[in-house]
Amino acid sequence: MRLNLLFTMGGIQMENIMMSIFRVESQAYQAFSELKRDPSNQSYTISQAVIIKKENGQLTSCDAFDTGIETMDDSIKGGLLGSLIGILGGPFGMLLGGGIGLLIGANSDLDDKMENASLLENVANRLEDGDVALMLLVQETNEAFLDAKLSAFDTTTLRWDAAVIKQEVEEADMIRKQLADQLRKTLRSQKSEKRKQSIEEKKQEIKQKFEQIKKKIKSE
């Protein structure tokens with residue numbers, strides 16, 4: 001099953017986020033190793049690759065490499081895939097994953113609903129608990145080449161426009177920061193109110209002790 005996706009014709013270069021979901025976990029690592037050994041040719045150039053796994057609703061990266069285009073080292077941290085997984089693997093991603101249920105009716109078709117969802121929602125909701133996937137940031141002149149490489153494995157491959165994903169990741173990150181700022185302000189406000197209340201209670205407590213002292217002195 002293929003979602004979307006952008007087709008490359010006549011050698012036109014397309015930059016895609018590509019995700020292949022594997023039924024057998026060991027096959028994901030085998031494919032990862034093969035692509036790491038051959039990250040670029042006339043049909044594609046891989047910028048970043050990462051193996052991800054979803055367990056108990058949490059998305060984690062298991063292995064990754066960067067060919068130097070995004071982060072200038074051998075990790076995906078700081079690159080588009082790193083940012084994408086950071087969003088999807090955090091609380092924001094859990095909201096995206098859970099929120100799709102509001103979009104899907106009992107008798108509705110998932111693919112139809114996914115077409116109207118954001119690409120981040122698509123990515124978040126294509127992965128189920130226990131799924132292992134290989135995710136690539138890749139420039140392709142012919143999608144058929146990578147598809148043929150992965151056809152040896154039991155996998156489902158999906159592609160999204162990398163530029164759209166990058167835009168949505170930046171927007172999601174901005175929203176996340178705004179929500180975090182608002183949460184901090186709310187907590188500070190609550191803390192301030194609680195502090196004022198606590199100080200007032202201590203004032204009354206100290207006053208009561210002085211009143212008790214005065215009564216004791218008078219009674220002596």
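The values are calculated or read from the model by the stated rules, or taken from the named source; none is laboratory data. As the structure is a computational prediction, the values presented were derived from the model and not from experiment. Glycine gets a Cβ as well: all are built from the backbone with ideal geometry, and neighbour counts include every protein chain shown. Only protein heavy atoms, including side chains, enter the accessible area calculation; ligands, DNA and RNA are left aside. Shrake-Rupley method; radii C 1.70, N 1.55, O 1.52, S 1.80 Å.
Only one of the numbered conditions (1) surrounded by 14 or more Cβ atoms within 10 Å (Cβ to Cβ); (2) modelled with pLDDT of 80 or more is violated by THR60, and that is (1).
With respect to (1) at pLDDT 80 or above; (2) open to solvent by 50 Å² or more (accessible area, probe 1.4 Å), the lone exception for ALA106 is condition (1). If you go through the stretch 20-65 and keep only what is assigned to a helix (DSSP H, G or I) and touching a residue at least 40 places away in the same chain (Cβ under 8 Å), you end up with GLU25, GLN27, ALA28, GLN30, ALA31, PHE32, GLU34, LEU35.
For every residue, the table says whether it meets (1) among the β-branched types (Val, Ile, Thr); (2) open to solvent by less than 70 Å² (accessible area, probe 1.4 Å).
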residue	(1), (2)
THR155	yes, yes
ALA162	no, yes
GLU168	no, yes
GLU171	no, no
LYS185	no, no
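Would you mind listing the helices (runs of 4 or more DSSP H) fully within the stretch 115-220 where at least 2 residues are at pLDDT 80 or above and more than 20 Å from GLY82 (Cα to Cα)? Don't jump to the end; show me each part of the working.
On the way: elements: 119-126, 143-150, 162-219.
It comes to 143-150, 162-219.
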